[in-house]
Structure formats: structure tokens, C-alpha cells
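The values are calculated or read from the model by the stated rules, or taken from the named source; none is laboratory data. Only a predicted model underlies this, so the values are computations on that prediction, with no experimental measurement involved. Cβ coordinates were reconstructed from backbone atoms using ideal geometry, including for glycine residues, and neighbour counts include every protein chain displayed.
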Amino acid sequence: MSSPPWTPAEASAILDEQRRSGLTPAQFCRQRGWSPDRLRYWLSRSTIEPDGFVEVRPAAPVAVMEVAVGPIARIRVQPGFDAGLLRSVVGALS
């Protein structure tokens, strides 16, 4: 018997819990008796990438964007920045 569908709010809380658990999505689902496809569906609808990186699109063009990494570090980027390099820097500072 399958469990009832998740609401978007429930799915968001479950995705957060899975990320904090340190388990892979498959391990997390196996512990709870869920199909991994269920979690994959909600992960595919999420704007948060598997590594926790969130895509941000400003409403209007900006000359400079500032990214806060924790309570201390701030990174300023300009249009055309290398997203891969930013991801590496943020990962190193996290």
C-alpha cells in the first residue's frame, strides 16, 4: 500500500531532511520504505541542486551581485562570472 502524496510543503521539508541526513536519496528512501522515484520526482521540481547550490535570477539586470557565504564571507560577482569557479569558492568557504 502506498502512502498519500506529499504536498509541496511536505516535500520541501523532506528534501531538507534528506540533505541534512548525509544519506543518498536512495538510502534515505530505503530507511523509510519509500520508492526512490518519489524523492527523485520532488528533487526534479526543486530549484536546489544536489550540492545545495540555489540558482538565483535577479528580477532586473544588475551590475554587481553579492553572495553571502555564512556569517562572515561575502563574494561580489559581475555579469559574465564563471559559475563553476563561484561554486568551487563557495564550497571551499562552507
Any residue in region 57-81 that is within 18 Å of GLY91 (Cβ to Cβ) sitting within a Cβ distance under 6 Å of a residue that is small (Gly, Ala, Ser) and at pLDDT below 80? List the pairs, counting only those 6 or more apart or interchain.
ARG74/ALA68
Find the residue count for region 52-71, including only residues that are at pLDDT below 75 and loosely packed, with under 10 Cβ neighbours inside 10 Å.
10
Among the candidates LEU43, LEU93, which residue alone is surrounded by 10 or more Cβ atoms within 10 Å (Cβ to Cβ), modelled with pLDDT under 80 and more than 16 Å from the chain's Cα centre (by Cα)?
LEU93
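Quick one: how many residues across region 14-23 are under 15 Å from SER44 (Cα atoms) and surrounded by fewer than 18 Cβ atoms within 10 Å (Cβ to Cβ)?
Adding up the residues that qualify gives 2.
Among the helices (runs of 4 or more DSSP H) contained in region 1-47, which hold 2 or more residues that are of a type in the set (Gly, Ala, Ser)? Give the steps one after another, and end with the answer.
Details: elements: 8-21, 25-32, 36-45.
Fully inside region 1-47 and qualifying: 8-21.
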